[in-house]
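Participant: Have a look at this one.
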Amino acid sequence: MVHWAGKFSAVDMLFINGLLKQGHQKDMQKNPIKIPFNKPCFEGKELVYIAQAIQNGLISGDGDFTKKCHAYLEQKLGTARAFLTTSCTHALEMAAILLDLKEGDEVIVPSFTFVSTANAFVIHGGRLVFADIRPDTLNLDEAKLESLITPKTRAVVPVHYAGIGCEMDSILKIAESRGLLVVEDNAHGLFGKYRGRFLGSFGAMATLSFHETKNITCGEGGALLINDPQYIERAEIIREKGTNRSQLFRGEVDKYTWVDIGSSYLPSDMLAAFLYAQLESADHIQEHRRCVWDRYFSGLQDWARSFHVRLPRVPEYCQNPYHMFYLIMPTAQDRDKMIGYLKERGLYAVFHYLPLHQSRMGKMAAARIAACPVTDDMSRRLVRLPFYNSLTEDEQQKVIGAILDFYG
């Protein structure tokens, strides 16, 4: 049972905890899965802060808790400006608008990523060039990047898979030499580092996700990080439906009006209140997830070596944010069998992205089709294991024990 203190009366608390307990019991009755792949987790003050947001009298966007989240991200990550958005997808769409893409402009994205990475640029006029990934970290293969660049290329979008940093030194060097912008898709990598610097601090812009499946969450949410100050003013306008409304609130204009394209990308301050409670507990969350990741690695490394299964690889110059843990099985058949085998035991493991360059829409949106053999191979053999903030050691040992018995 979860406990909150603060704005709620004793009667309110009994009611809230009773609802949570009933919901958990109903879920267990309906769902034979004993250990899910993911589970949303409270950290303590979420409901208190939501109540405060309501009492503040402003539950739409850019209230007190939104500002607190902005300040936290800017100070922690060292970014020039952070803007909360309703999703990482919307943060990517804002980045695409800021690129000011023209017809025929190309954007390089890895094929092994979520559809939002590609979709955001397609709906704003970009043509996609799909890049293959490295076989070790599953990140965009920087060694193949130069060959994908043409005079029409405008941007490169590295995705820090599982929160392990792409080879940003090489990517930035290539991008700078060819006059390209770098937009980091850091949906997995909040608090991850590459060579001592936080992921999301390298590109002109970067995006974050606070989706239910992420370390830090508010159910649905994201953020656009602006590292190049020249994009701050326009990003603020785009996020406010294309108006200069924020300038009015700062007293810089006496009325606001429509000045650019944009949309409604602001999340409710109630969502920001939930998120701020999670950000306040980030050290605790990250430490627990580190223990989960380490237990998987230590418990499975001998087994993996014996049966030619690959575990995640983290270069020594990368700091792991402990977003996920996965197995690369020897064959696609082994992958499918493993997922089914675990499900039969009430343990929910899943595969990950289907290659975008193979999809119907990917083929339609691509500037040209290039082979991505590593992406094809890895996507067929990858299994993600249960991983969430409240996963207990006993629950995790059940998953590890079942895996150790898989090959008999």
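The values are calculated or read from the model by the stated rules, or taken from the named source; none is laboratory data. Only a predicted model underlies this, so the values are computations on that prediction, with no experimental measurement involved. A quick note on method: Cβ atoms are made from the backbone with ideal geometry, for glycine too, and the neighbour counts reach across all protein chains shown.
Participant: Could you tell me whether Leu47 is crowded, with 19+ Cβ neighbours inside 10 Å, part of a helix (DSSP H, G or I) and more than 17 Å from the chain's Cα centre (by Cα)?
Facilitator: yes
Participant: Kindly list the number of the only condition in (1) at pLDDT 95 or above; (2) on the phi > 0 side of the Ramachandran plot that fails for Cys69.
Facilitator: For Cys69, the exception is condition (2).
Participant: OK, next. Kindly establish whether Ser263 is surrounded by fewer than 20 Cβ atoms within 10 Å (Cβ to Cβ) and among the small types (Gly, Ala, Ser). Give the steps one after another, and end with the answer.
Facilitator: Values: surrounded by fewer than 20 Cβ atoms within 10 Å (Cβ to Cβ): yes; among the small types (Gly, Ala, Ser): yes.
Considered against the rule, which asks whether it is surrounded by fewer than 20 Cβ atoms within 10 Å (Cβ to Cβ) and among the small types (Gly, Ala, Ser), Ser263 comes out as yes.
Participant: Taking only pairs six or more apart or across chains, which ones have beta-carbon atoms under 6 Å, a first residue in the stretch 168-181 that is in the same structural domain as Ser147 (by TED's automatic domain parsing) and over 12 Å from Ala143 (Cα atoms), and a second residue that is at pLDDT 95 or above and small (Gly, Ala, Ser)?
Facilitator: That search, which allows pairs on different chains as well, returns Leu180/Ala155; Leu181/Ala155; Leu181/Ala204.
Rundown of residues vs (1) among the acidic types (Asp, Glu); (2) assigned to a loop (DSSP other than H, G, I, E, B); (3) closer than 16 Å to Glu316 by Cβ, yes/no style:
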residue: Cys166; (1), (2), (3): no, yes, yes
residue: Lys173; (1), (2), (3): no, no, no
residue: Glu176; (1), (2), (3): yes, no, no
residue: Gly179; (1), (2), (3): no, yes, no
residue: Glu184; (1), (2), (3): yes, no, no
residue: Gly189; (1), (2), (3): no, yes, no
residue: Gly200; (1), (2), (3): no, yes, no
residue: Gly203; (1), (2), (3): no, yes, no
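Participant: Testing Asp269 on (1) buried (at least 16 other Cβ atoms within 10 Å of the Cβ); (2) closer than 29 Å to Arg197 by Cβ; (3) within 21 Å of the chain's Cα centre (by Cα), one condition comes back false. Which one is that?
Facilitator: Here Asp269 clears every test but (2).
Participant: Suppose the filter is closer than 18 Å to Asn38 by Cβ and among the aliphatic types (A, V, I, L, M); does Ile226 pass it? Full working, then the answer.
Facilitator: Numbers: closer than 18 Å to Asn38 by Cβ: no; among the aliphatic types (A, V, I, L, M): yes.
Against the criterion (closer than 18 Å to Asn38 by Cβ and among the aliphatic types (A, V, I, L, M)), Ile226 does not qualify.
Participant: A further question follows. Arg195: in the same structural domain as Asp100 (by TED's automatic domain parsing), on the phi > 0 side of the Ramachandran plot and touching a residue at least 24 places away in the same chain (Cβ under 8 Å), yes or no?
Facilitator: On the way: in the same structural domain as Asp100 (by TED's automatic domain parsing): yes; on the phi > 0 side of the Ramachandran plot: yes; touching a residue at least 24 places away in the same chain (Cβ under 8 Å): yes.
Against the criterion (in the same structural domain as Asp100 (by TED's automatic domain parsing), on the phi > 0 side of the Ramachandran plot and touching a residue at least 24 places away in the same chain (Cβ under 8 Å)), Arg195 qualifies.
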